[in-house]
Structures are given as C-alpha cells and as structure tokens.
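Have a look at the structure below, then the notes.
The values are calculated or read from the model by the stated rules, or taken from the named source; none is laboratory data. As the structure is a prediction and not an experimental result, all values here were calculated from the model. Glycine gets a Cβ as well: all are built from the backbone with ideal geometry, and neighbour counts include every protein chain shown. Note: accessible area is taken over every heavy atom of the protein model, side chains too, but ligands, DNA and RNA are not part of it. Shrake-Rupley method; radii C 1.70, N 1.55, O 1.52, S 1.80 Å.
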Amino acid sequence: MPDTTLKKDRLDAWFDGSSVRVIAVSASDDALELSADALEPFIAKLQGCLREMRTLPGDNVLDFST
C-alpha cells in the first residue's frame, strides 16, 4: 500500500545533552530553502541551543568534521 501521509518541511534544532542537532529538509527531501523571515527565528533557536551547551562543563567545541 502506498504511503498517503503528507510530508511537511522539517526545520528544527535542539540540544540533546551533548550536542546540538539540526534538521532542515523540505517535503520533497531536498535541502530546505529559508527566507530571511524564517531564518531569523531559527538562528535564535540555534543560539538558545548554544547557550544550553555552554552551561555544561568541558570543552564545548563545535566539531564540523563529521
């Protein structure tokens, strides 16, 4: 049976206790394109995640190597 559920754009960021997770995928599974109006609140959400991360003891260096 084919999947009849409607896909939606997914844009989210969260701090999972050890790292910041980000998802930005369009309903068609492509990279999500964001307008300035959508990007500003998302940046604020990322900054909130970063503040949470910085409250933890330790290195807290963002690693983009993976």
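Listing for the model above:
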read-out: Considering residues of segment 4-17 that are aliphatic (A, V, I, L, M) and outside any loop (DSSP other than H, G, I, E, B) only, the residue farthest from G48 (Cα to Cα); value: L11
read-out: Filtered residues of segment 1-43 (kept if of a type in the set (D, E, K, R), under 30 Å from P57 (Cα atoms) and in contact with an Asp or Glu (Cβ under 9 Å, 6 or more places away or on another chain)); value: R21
read-out: Subset of segment 1-37 that is hydroxyl-bearing (S, T, Y) and at pLDDT below 90 - its residue that is nearest to the chain's Cα centre (by Cα); value: S19
read-out: Qualifying residues in segment 18-52 (those that are open to solvent by less than 70 Å² (accessible area, probe 1.4 Å) and assigned to a loop (DSSP other than H, G, I, E, B)) - the one nearest to K7 (Cα to Cα); value: A27
